[in-house]
Structures are given as structure tokens and as C-alpha cells.
Amino acid sequence: GRRRGAPDGSESDQTVGRIGLDWETVSGRTLSLRASRLVKNGHLFSSAFLQPIAGVEVINPFDKYDDTTQYTYELRAVQNTPTQSNSVLLRDWEYVVGLYYMKADQLMHLQTLYDFNNPPPGFPLPTNILTGRVQAAAVAKEAALYFDATRKLTDRFELNLGGRLFQQRTPLSLGLFLVGLAAGPGVVDPEFV
């Protein structure tokens, strides 16, 4: 686990847990299983001022939180020594072949405000221009099958074949709530995916 702060005032925590199992055979093949869990969360508060409008500063503070929990699994077979076979096509190969799966639950919450900072009496624009809340949630998934095979042809040349077939999906759910002058009496956008 690790906690760190950045010059912009943000703070983040990260915790990683991993476990692995290797099984080696006398033929030079290794079967490996890996699993990991990553948890990250961050927080950023900013009270940044924007450019003046009509001589009055616009203030835009915001508060942002984000959280991610990710699980990763991998099963792979590795042949570190050249294969032995009676067939010329199956002999003298070294290879890696594996299955991979990842799922990450991600959440982001943002609250922000656009307003005027200390407007003078008689200022023509009202305060509370816009206050907003945004919440986004995503579940990212990836599944893959991969391989890489190498055969030495001579002392100076080798043949290498490889590929990765994968599918990634990241459905996103987003909710938005706005109030203030810029939004009228109040606007709520329905959640969409």
C-alpha cells in the first residue's frame, strides 16, 4: 500500500495484492497462475480562480473523488527449452500461451461551483450561477487469449509467431445534476449507459 500527495493538492492511496503459483515440469515447461487485486482512490479539492469578468473574479472550486477496484487473473504455459518431437514441424519450439482476464469497477464523483467572488453592490449578474454534481460509474472488463512461439532456424536466424485475441468492454453510467441561473430552476439528466 502507498499514500502520496501531489503539488496540485490531490491525495491518492494505492494497495496491490498479488499471489502466484508456478509448476515446473522436467520437460522444461512451466505452468503459472497469477491473481492480483488493485485498489486505488484519490481526492482532489481545488479553489482555483478563473479570469475576471467585468472586473469581478469568477471562482470555480471543485471537489473530486475517484475509486477503482481491479481484479486480474492470468494462466500461462511457458516452454523455455526447445520442444522434443518426432515431427519436424513440432520440434525445436519455445513458446508462451496464456489466458488473461481483468475486471475493474470504477467510480468518480465531482461537485463543482461557478460563482462570482465578492461582486460590488449593483453588480448586474446574480450569484449562484451554476452548481453541479456528476457521478460516473464504469465496469471495465477484458478477456484475452495470447501466444508467442519461436523456433531457431540457424545460429543467426529464428522464426517468431505471435498473436493476441481479446475483447474489451467498458459500459459507463453517468448521472448529472445542475442548479443555478445557468441551468434554470434545476436540471436533472437521467442516467444513461
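The values are calculated or read from the model by the stated rules, or taken from the named source; none is laboratory data. For clarity, every value in this text was computed on a predicted model and none was experimentally measured. Ideal geometry is used to build each Cβ from the backbone, glycine not excepted, and the neighbour counts take in all protein chains shown. What goes into the accessible areas is simple: the full protein's heavy atoms, side chains included, and nothing from ligands, DNA or RNA. Shrake-Rupley method; radii C 1.70, N 1.55, O 1.52, S 1.80 Å.
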Practice item. Go through the stretch 69-176 and name the chymotrypsin sites (Phe, Trp or Tyr not before Pro) that are in a DSSP coil and have 12 or fewer other Cβ atoms within 10 Å of their Cβ. Key: Phe157
Check your understanding: In what order, largest first, do Asp66, Asp155 sit by accessible area if the probe radius is 1.4 Å?
Key -> Asp155, Asp66
Practice item. Would you mind checking which residues have amide H under 5 Å from Ser10's amide H? H placed 1.01 Å from N; only 5 or more apart, or other chain. Key: none
Point to revise | Rounded percent of accessible protein surface that carbon and sulfur make up, the stretch 16-135, 1.4 Å probe | key: 58 percent
Revision key, fill the gap. Probe 1.4 Å, heavy atoms of protein chains only: per residue, the accessible area of the stretch 13-144 in Å² is 63 Å²
Review point. How far apart, in nm, are the 7 Å Cα→Cβ label points at Ser85 and Gln14?
Key: 4.2 nm
Review point. Taking the Cα centre of each part, how many Å lie between the stretch 21-80 and the stretch 146-175?
Key: 23 Å
Exercise for review: With all protein chains present, calculate the accessible area of Met102 using a 1.4 Å probe and round the result to the nearest 10 Å².
Suggested key: 30 Å²
Point to revise | Solvent-accessible area of Glu11 with every protein chain in place, 1.4 Å probe, in Å² to the nearest 10 | key: 100 Å²
Point to revise | Relative intensity, log₁₀ I(q)/I(0), of the stretch 134-173 from a Debye sum that treats every alpha carbon as a point, q = 0.16, 0.24, 0.27 Å⁻¹ | key: -0.59, -0.81, -0.88
Exercise for review: Counting residues in the stretch 33-88 as N, plug N into 2.2 N^0.38 Å and put the Cα Rg over that result.
Suggested key: 2.66
